[in-house]
Amino acid sequence: MEQQHRAVVVGAGIGGLTAAVALHLRGWQVTLLERAADLAPVGAGIALAPNAQRALDVIGLGDRVRELSAWQGDGGMRTPDGRWLARTDAKAAAARFGGPLVLLHRATLVDILTSALPEGVVRTGVTATVTDPGDDRRLARLTVSETGTGTGTGTGTGTGTAPGTDIEAELVVAADGIRSAIRGTLFPDHPGPRYSGSTSWRVVVPAPGRPFAPHETWGAGRLWGSQPLKDGRVYAYAMAVAPAGAHAPDDEKSELLRLFGDWHHPVPEILAGVDPDRILRHDVHHLPDPLPAFHRGRVALLGDSAHAMMPSLGQGGNQAVEDAVVLAHHARSAPDFTPDRALAAYTADRLPRTTAIVRRAARTGALTMLSARPAVALRSAAVSAVSRFGPGLALRGFDGICDWRPPVDPAPSAHDPSRVS
C-alpha cells in the first residue's frame, strides 16, 4: 500500500480550512489544529470574488458558494450626503471576470468547508509550535499543547494530544494569522505586521425597512459599506483614521453614531439596529514588507500569516483560498514528494502575485482614507469622471486579480462556463 503522508494545518480560518480540504482530497492524512475553543467565527461577512470561487471549484465547493449570491443588481460608490460618484454593474463585472461577487457570512463559509472534512480532522483548544521545520531528509516537528478551552468540534476530537506532545509531519501549513508565531520562527528577522493608520468596525444586522442599493461611501478619513446577505441581513463595515489601539470612550455604537450617524440612508437605520455588544472593532494591520519566501523546510505559510493586506480590495480571504489550492496542487501526495521542490514552486507561484496585491491594496487604502478637503474633493471628481466612461474602466482596477485561474482543473461537478471539455 502507498504510504499516506501526514499534513498538519495550524489555524482553522478560511485559508486553513480550505487547505485542509484540498490536501485531504489529494490523499493526505490531515490534522487541523486550532487554538480557539471552537470554530465559531466572528460575526462578519466575507466577499468571495470569482478568483476565489474558481479556487473552490477545484475542491468541488464553488457552486455551493455561488448559490448564496445576493448581489444581483447594481450598487456603487457614494459621498456621505448620498450623491452617487459611480455606479457598479453586477452583470458587467460577472461578464468581465467570469462570475458574480458573492457576499456571505463567515460562519456559512466555515460550515461549507468543514462539511467537506471527515470526522477526526479538526482539533480545537490546542496550540502548536514548530520546533524543527525539517528538510528533504527529516520530517518537520511540532510541539502541541492543550489550551484547556477546547473540547473538540463536530468534526471529531482529532489527535487527542496531551500537553507538550511532539508530533511529526511531512508537511506543516501555517495558517495562524497576521500575528503568526510560526512566521516568526521561520523568519525571525522579518519586521512583521505594521499598523495602517486606520481602524475598522464590522457588524451583521437585520435589513432596514426601506430598501437600498449596495454601496461603499467614502468621506474624509472615513468609509462605510452596506452589503446585503442572502438570508436577508446586512453586512456593514466601516473604517476611519485613528491612533493605534484607540477605543470609544463609551461604546463602539456611540462612536459609530458620532462618525457616521448623519450619513445617507441606510446608514442611520443600520446603526439604529446595531447591538453595541456585537460590534467588532479591530485596528487594520498589514505586511507591507514581503517575506523572502512562503516556506522553509517542510513548513508553508498561507493567508494572513504570509501576506496580510489592507481590506480595501476585499482580497484577504480570497488570496488565502487561492494559496490553499495552489499549495495542495504542488504538494500532491506522490511517494516522491520532496518539500524543497514542491514548496519552492508554491513560493514561486504565490509570492509575486500576493506581493503585488498587498501593495495595490495599500495604495487603494491610502486613497480611501484621504482626510484633507482638497484631496477628498479631487478624489471624488476623479472617481466621478472615470465612472462616466462606463463600468468597464472602473473594473480594470481588478484586472489581474479577479480573473485569476488555478493551475489545476476544477472538480468534474464544478461550474465553469468557460471550461472546455
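The values are calculated or read from the model by the stated rules, or taken from the named source; none is laboratory data. Small disclaimer: the values here were computed from a predicted structure and weren't measured. Virtual Cβ from ideal backbone geometry, glycine too; neighbours counted across all protein chains shown. Side chains included, ligands, DNA and RNA excluded: accessible areas come from the protein's heavy atoms. Shrake-Rupley method; radii C 1.70, N 1.55, O 1.52, S 1.80 Å.
Some points to look at:
- Modelled spin labels at Val408 and Asp277, positioned 7 Å past Cα toward Cβ, are 4.4 nm from each other.
- Solvent-accessible surface (1.4 angstrom probe) belonging to Asp277, in square angstrom, nearest 10: 140
- Two tests apply to each whole DSSP H helix in the chain, Cα reach of 15 Å or more along its axis and mean Kyte-Doolittle hydropathy of at least 0.0, and the ones passing both are 14-25, 316-331, 373-387.
- Accessible surface area normalised per residue over region 85-142 is 43 Å², counting heavy atoms of protein chains with a 1.4 Å rolling probe.
- The mean of 1/r over all distinct Cα pairs in region 233-291, once inverted, gives the Kirkwood hydrodynamic radius of 13.1 Å.
- For the peptides 172-185, 370-383, the ranking by mean Cβ contacts within 10 Å, running from highest to lowest, is 172-185, 370-383.
- DSSP bridge pairs, the chain: antiparallel proportion in percent, nearest 5: 75
- Per-residue ellipticity at 222 nm from helix content only, as computed over the chain with -39500 (n - 2.57) for each DSSP H run of at least four residues, stands at -9500 deg cm²/dmol.
- Share of carbon and sulfur in the accessible area of the chain stands at 54%, probe radius 1.4 Å.
- Relative contact order computed over the chain (Cα-Cα under 8 Å; 6+ residues apart), in percent: 23
- Considering only Val21, Leu370, Pro290, the residue lying farthest towards the positive end of the dipole of the chain is Leu370, judged by Cα position with unit charges set on Cβ.
- With N counted as the residues of the chain, its alpha-carbon radius of gyration over 2.2 N^0.38 Å works out to 0.99.
- Lys91, Lys253, Lys230, reordered so the largest accessible area comes first (probe 1.4 Å): Lys91, Lys230, Lys253
- Sites Thr364 and Asp74 - FRET efficiency at Förster radius 22 Å, r taken between beta-carbons, to 0.05: 0.55
- Binned Cα-Cα distance frequencies in region 217-376 - 5 Å width, integer %: 1, 8, 15, 15, 15, 13, 11, 9, 7, 4, 2, 1, 0
- Radius 15 Å from Cβ of Asp289, net charge of other residues (Lys, Arg +1; Asp, Glu -1): +1
- Region 317-376 - accessible surface per residue (Å², probe 1.4 Å): 40
- As a calculated quantity, the FRET efficiency between Arg64 and Ala95 at R0 = 25 Å, using C-beta atoms, amounts to about 0.65.
- A simple charge model with +1 on the Cβ of Lys and Arg, -1 on the Cβ of Asp and Glu and nothing else charged puts the dipole of the chain at about 1240 debye relative to its Cα centre.
- Here the calculated FRET efficiency for Arg396 and Arg373, from their Cβ-Cβ distance with R0 = 35 Å, stands at 0.80, rounded to the nearest 0.05.
- Neighbourhood net charge (9 Å Cβ-Cβ; Lys/Arg +1, Asp/Glu -1) for Met77: +1
- Taking amide H positions as modeled 1.01 Å from N, with prolines and chain starts lacking one, the residues under 5 Å from Ser200 and 5 or more places away or on another chain are His282, Asp283, Val284.
- The candidates Glu67, Glu255, Glu322, arranged from most to least accessible area with a 1.4 Å probe in the full protein assembly, appear as Glu67, Glu255, Glu322.
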